[in-house]
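The values are calculated or read from the model by the stated rules, or taken from the named source; none is laboratory data. Predicted model only: the values in this text are computed from it and were never measured. With ideal geometry, Cβ positions are generated from the backbone for all residues, glycine too; neighbour counts draw on all protein chains shown.
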Amino acid sequence: MTQDELRELKRARTDYPVHDLIANRWSPRAFSDRVPDRTVLASLFEAARWAPSSYNEQPWRFIVGVKGEGDTHERIVECLADVNRTWAPRAPVLMIAATRMYFSFNDRPNRHAFHDVGLCLGNLILQATSLGLHVHLMAGFDPERARTRFLIPAQFEPVVAGAIGYLGDPDQLPGPLRQKELAPRERRPLSEIVYSGEWGMALF
C-alpha cells in the first residue's frame, strides 16, 4: 500500500462536512526516520502556545527529544510503556506534556489544567497535520519516572507522551500493530454523544 492509499484509507468518513485538517488527522505508529526541520518543529509548539486556557494561565509545558540531539529522546523512551517501546523509538521526535495543577496568581487548584493542555495539544496536532506531519499521543508512559528523569516540579503533572514525525512504512510494525495501522478509523455516531433536552436524547 502506498502512502497516498494509506492516507485515503485513514481519512475520516464523516456524516457532516469538516475541515480537511480534521478529516486527515490520524495517529500512526509507523514513522519515517526523517527529522523535521527545526523551524517546522517550532511551528507546532507555536500553535500550541496560542491555545485558550482558563484565566490565560497557559499551564502546559513540554519536554522534547529530537533523535540524534543529546539523550532526551532516549530518556523519554525509558519512560514509555513496553507496548509503546515497540514502535515509538523510531519516531524522530518524542515529547512529554505536563500541566501546572495550580493557578500561578493564587496557588489554588486549577480544575481545568488537563482540559487546557488538551486544547493546547489539539492546536499542535492540527498544525502538524497542516505541515504533513503526524502526532501519536500515548497514555502508556510512567509519569513518576518522567518526573524523576526530567526533574519535573511537584506543582506540575506529567499528562501524556507523544511521538511526532512523517509517515513511515506500516510493514516495519509487528503483526497486530500493523493490522491496526491498516484498519479504517471509526467513531461513535453523533446520536450517541450529542444530547438535547435530557441525557440520552439525541440532538442529531
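Residue check: is residue 157 modelled with pLDDT of 95 or more, under 26 Å from residue 46 (Cβ atoms), not in a helix (DSSP H, G or I) and not aromatic (Phe, Trp, Tyr)? Can you show your working first?
Values: modelled with pLDDT of 95 or more: yes; under 26 Å from residue 46 (Cβ atoms): yes; not in a helix (DSSP H, G or I): yes; not aromatic (Phe, Trp, Tyr): yes.
Spelling it out, residue 157 is indeed modelled with pLDDT of 95 or more, under 26 Å from residue 46 (Cβ atoms), not in a helix (DSSP H, G or I) and not aromatic (Phe, Trp, Tyr).
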What pairs come up if the first residue lies in the stretch 113-129 and is on the phi < 0 side of the Ramachandran plot, the second is basic (Lys, Arg) and in a helix (DSSP H, G or I), and their beta carbons are under 9 Å apart, counting only those six or more places apart or on different chains? 120/49; 123/49
Please state which of the following conditions residue 22 fails to meet, knowing it meets all the rest: (1) farther than 27 Å from residue 194 by Cβ; (2) in a helix (DSSP H, G or I). (1)
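Give the residues of the stretch 21-57 that are free of Cβ contacts under 8 Å to residues at least 12 places away in the same chain and surrounded by 12 or more Cβ atoms within 10 Å (Cβ to Cβ), sorted by residue number. Steps first, answer last, please.
Just the residues of the stretch 21-57 that are free of Cβ contacts under 8 Å to residues at least 12 places away in the same chain, to begin with: 37-39, 42, 56.
If the condition is that a residue be free of Cβ contacts under 8 Å to residues at least 12 places away in the same chain and surrounded by 12 or more Cβ atoms within 10 Å (Cβ to Cβ), then no residue fits.
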Just one of 190, 119, 177, 173 is closer than 30 Å to residue 9 by Cβ and in contact with a helix residue (DSSP H, G or I) (Cβ under 8 Å, 6 or more places away or on another chain); which is it? 173
Give me the pairs, please: first residue somewhere in the stretch 60-82 and under 22 Å from residue 121 (Cβ atoms), second residue anywhere and in a helix (DSSP H, G or I) and aromatic (Phe, Trp, Tyr), beta-carbon distance under 8 Å, and either six or more positions apart or on two chains. 62/45; 63/150; 64/45; 75/150
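For the subset of the stretch 172-204 comprising residues that are closer than 30 Å to residue 1 by Cα and polar (S, T, N, Q), which member is surrounded by the fewest Cβ atoms within 10 Å (Cβ to Cβ)? Outline the logic, then answer.
We begin by selecting, within the stretch 172-204, every residue closer than 30 Å to residue 1 by Cα; these are 172-189.
In the following step, the residues that additionally are polar (S, T, N, Q) were identified as 172, 179.
Details: 172: 15, 179: 11.
The residue in question is 179.
Scanning the stretch 76-110 for residues that are part of a loop (DSSP other than H, G, I, E, B) and among the polar types (S, T, N, Q), which turns out surrounded by the most Cβ atoms within 10 Å (Cβ to Cβ)? Let's see the steps before the verdict.
Narrowing the stretch 76-110 to residues part of a loop (DSSP other than H, G, I, E, B): 78-79, 81, 86-87, 91-92, 101, 103-108, 110.
If we keep only those that are among the polar types (S, T, N, Q) too, we end up with 86, 104, 106, 110.
Details: 86: 15, 104: 12, 106: 8, 110: 22.
Per the stated criteria, the residue is 110.
Has the stretch 141-150 got any residue that is out of contact with any Ser or Thr (no Cβ under 7 Å at 6 or more places or on another chain) and not in a helix (DSSP H, G or I)?
Let us first name the residues in the stretch 141-150 that are out of contact with any Ser or Thr (no Cβ under 7 Å at 6 or more places or on another chain), namely 141-150.
If we keep only those that are not in a helix (DSSP H, G or I) too, we end up with 141-142.
For the stretch 141-150, residues out of contact with any Ser or Thr (no Cβ under 7 Å at 6 or more places or on another chain) and not in a helix (DSSP H, G or I): present.
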For the structure I just gave you, tell me whether residue 148 is of a type outside the set (Gly, Ala, Ser), under 13 Å from residue 41 (Cα atoms) and modelled with pLDDT of 95 or more. no
Whichever residue in the stretch 160-182 is in a loop (DSSP other than H, G, I, E, B) and more than 15 Å from residue 136 (Cβ to Cβ) and, among such residues, is modelled with the lowest pLDDT: 174
Among the residues of the stretch 59-74, write down those that are over 19 Å from residue 45 (Cβ atoms) and in contact with a helix residue (DSSP H, G or I) (Cβ under 9 Å, 6 or more places away or on another chain). 74
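What about residue 128, is it surrounded by 19 or more Cβ atoms within 10 Å (Cβ to Cβ) and touching a His at 6+ places or on another chain (Cβ under 9 Å)? Walk me through how you get there before you give the answer.
On the way: surrounded by 19 or more Cβ atoms within 10 Å (Cβ to Cβ): yes; touching a His at 6+ places or on another chain (Cβ under 9 Å): yes.
Yes.
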Inside the stretch 179-204, can you point out the residues that are touching a residue at least 60 places away in the same chain (Cβ under 8 Å) and more than 15 Å from residue 16 (Cα to Cα)? 180, 181, 182, 184, 185
